[in-house]
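Values in this text are rule-based calculations from the coordinates and carry no lab data. Quick caveat: nothing in here was measured; it's all calculated off a predicted structure. So basically every Cβ, Gly included, is an ideal-geometry build from the backbone, and we count neighbours across all protein chains shown.
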Amino acid sequence: MYKALGKHRLIYRTRISNYVKTGLVNEAVQVFDKMTQSDCRVFSIDYNRIIGVLIRTSHFDLAEGYYNEMKPVGFSLNSLTYSKFICGLCKVKNFDLISRLLNDMDRIGIVPNFWAYNMYLNLLCSENLVDIALELIRVMGEKGREPDVVSYTIVISGLCRIGRFDNAVEMWHTMIRKGLRPDNKACKALVFGLCGSGKVDLAYELTLGILRGQVKFNTEVYNTLINGFCRAGRIDKAQAIKTFMRRNGCEPDLVTYNVFLNYCCNELMLEEAVKLIEKMEGNGLEPDGYSYNQLLRGFCKANRLDKAYKLMVDKMETKGLVDVVSYNTIIRALCKTDHSKKAYNLFEEMEQKKIVPDVVTFTILIETSLKEGNSSVAKALVDQMTSMGLFPDRVLYTSIIDNLCKTGKLGVAESIFHDMVEQGVAPDVISYNALISGFCKASRVTEALSLYEDMQARGLNPDEITFKLIIGGLIQEKNLSVACAIWDQMMEKGFTLDRDLSQTLINAINP
């Protein structure tokens, strides 16, 4: 009898294995279910195998079901299956089940492998749960899985991302104190975080300072430090790092030169910028579109627009590097210097050269049209923009509405406001205030009140400006009872009327 059962068990296992090999997971599950319902004895290894398959194919609900089924009969997963299960659950962010698995592992005295721990650390930090990550780092050591460089890198990066730099630096020192040598990924995580918050000296000290000669830094680490010092206006220090990196066998790359190019253009050091482009070409590094667009921006910033256009046509176009960013840069500069006609000509030139304008292009031209009082041109540009499947953002919509209201084109402003809502761009308080202001100035306070109610229905709280506009409009219409009611609502929200308007309301109430 036992031999027969053993034979049946072997048949079931073989069928399950064959189904798994051919990717027929559902069939494998069906055979396993038949096996558990038969007279064959099922062992812990059988559950480990089927759960392992389900984890590998991301059938986590089924895996959890079998896990819950095996526990009451005294079976458990082995350390490898537990670790794989945790890794899989990290991908779907199932925190509850991960916590249960870790607690169950504690009870039976087994520990996840490094991969599982590091996957879980990465999940925690990506969700900004860094305090739990810090506790996990501590627990790893207690359980004989001392955190490795990857573990520390993940947590340091997570701490930097949420601005807890003191904790990140402390973790860095702990890693080094424990005899772990940071690799380039670890250095990049720390340097990127610290430089991003302006702590460039500290970033330099903790890497090139204390690890000089111990770590062969790559260009990413050097470039991040160079960029940090350039942003801080310390070009000499940035140049010194470039010299140091070259001396240590790490040649500056395109990114390195682009960082310096960006600095030169920001500071209007345009001769130096041109020389950098030439130096790049001399060193076998072909400047890319970003490089030339930076130089283009520099010329525009210095109001050398003819030079900028010549660079774009003579140099960039021949290299196939002219793009929408190039045109936007010159169009913006022309609009700022009141050369809107030339800007529109460039806009037409884009179409001739098959360069498709983007939201930025339209935004520049629309705002310029509004500034010049050409609301009809602005509306035509909006129509052209939307016909291309491009839509203004909330800021541009609000700017258009505000301008139309100020120039007395309330009907068009209201139409644009409705377009904004229909396109799924949610108006904010500023958007509502622009239209409310227009209605109040046009003595259409009833419509302003309707907007006031609509914004609250959408979950937006009126601000101080909203209340002042509505109350001011109601006073003009001598609708004092409603004005007083709105005043009460205003005070309930913690706002107060300015002295002049409150006195006007009091005088109107008590003539």
Handout entry: FRET efficiency, 1/(1 + (r/R0)^6) with R0 35 Å, evaluated for Glu69 and Glu135 via beta carbons
Key = 0.65
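What longest region of the chain stays clear of GluC sites (Glu not before Pro) that DSSP places outside H, G, I, E and B and that have at most 13 other Cβ atoms within 10 Å? The partial results should precede the final answer.
Values: sites that count: Glu127, Glu317, Glu372.
Counting at most 13 other Cβ atoms within 10 Å as exposed, the longest clean stretch of the chain is 128-316.
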Exercise for the section: Compute the acute angle (0 to 90°) between the alpha-carbon long axis of helix 2-21 and the principal axis of greatest extent of the alpha-carbon atoms of the chain; round to the nearest 10°. Expected result: 30 degrees
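Using the Cα centre as the reference, give the magnitude of the dipole from point charges on the C-beta atoms of the chain (Lys, Arg: +1; Asp, Glu: -1; all else neutral), rounded to the nearest 20 debye.
Details: 62 positive and 60 negative charges, 436 e Å.
In debye, rounded to 20, the chain gives about 2100.
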Handout entry: 0 to 90° range, to nearest 10: angle between helix 445-457 axis and the chain longest Cα axis
Key = 10 degrees
Exercise for the section: Express the relative contact order of region 438-497 as a whole percentage, based on alpha carbon pairs under 8 Å and six or more residues apart in sequence. Expected result: 32 percent
Practice task
Enter the Cα centre distance for the pair region 435-466 and region 164-209, rounded to the nearest angstrom.
Solution key: 51 Å
Exercise for the section: Would you calculate the separation in nanometres between label points at Val360 and Thr407, each defined as 7 Å from the Cα along the Cα-to-beta-carbon direction? Expected result: 2.6 nm
Exercise for the section: Obtain the nm distance between the two label points defined at Arg181 and Lys307 by a simple spin-label model: each point lies 7 Å from its Cα along the Cα-to-C-beta direction. Expected result: 4.9 nm
Exercise for the section: Give the long-range amide H neighbours of Ser197: residues separated by 5 or more places, or on another chain, with amide H under 5 Å away, using H modelled in the peptide plane at 1.01 Å from N. Expected result: none
Problem - Tensor-based shape of region 123-225 (alpha-carbon gyration tensor, a/c under 1.5 rounded, otherwise prolate or oblate) - result: oblate
Fill in the blank from the handout: Least to most buried among Arg247, Arg100, Arg458, by other C-beta atoms within 10 Å and fewest first, runs Arg247, Arg458, Arg100
Handout entry: Which labelled figure in [x] 57, 40, 26; [y] 30, 28, 22; [z] 41, 25, 23 is semi-axes √(5λ) of the Cα gyration tensor in Å, once derived from the coordinates
Key = [x]
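Holding the Cα-Cα limit at 21 Å, pick out from Lys188/Lys275; Lys188/Lys242; Lys336/Lys371 the pairs that are longer than that.
Lys188/Lys275
Once you order the gyration tensor axes a ≥ b ≥ c over the Cα atoms, which shape class does region 230-313 get: rounded for a/c under 1.5, otherwise prolate or oblate by comparing a/b with b/c? Before the final figure, lay out each step's value.
On the way: a/c = 2.85, a/b = 1.58, b/c = 1.80.
Oblate shape, in that a/c is at least 1.5 and b/c is the bigger or equal ratio.
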Fill in the blank from the handout: Expected unfolding gain across Asp96-Arg234 under the 0.36 nm per residue rule, minus the alpha-carbon gap, is 44.8 nm
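If R0 is 30 Å, what FRET efficiency do you get for Thr496 and Arg444 from their C-beta distance, rounded to 0.05?
Values: r = 26 Å, r/R0 = 0.87.
Once the sixth-power term is evaluated, E becomes 0.70.
What is the chain's relative contact order, in percent, from Cα pairs under 8 angstrom and six or more apart in sequence? Walk me through the numbers on the way to the answer.
Numbers: 517 pairs, mean separation 23.3, N = 511.
Reported as a whole number, the value is 5 percent.
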Completion exercise
Footprinting proxy, His59, His418, His339: sorted fewest to most Cβ within 10 Å, the residues are His418, His339, His59
Practice task
Please label the shape of region 443-500 as rounded, prolate or oblate, based on the square roots a ≥ b ≥ c of the eigenvalues of the alpha-carbon gyration tensor (a/c under 1.5 means rounded; beyond that, a/b larger than b/c means prolate, else oblate).
Solution key: oblate
Handout entry: At R0 = 56 Å, FRET efficiency that the Cβ-Cβ distance of Glu220 and Ile506 yields, to 0.05
Key = 0.25
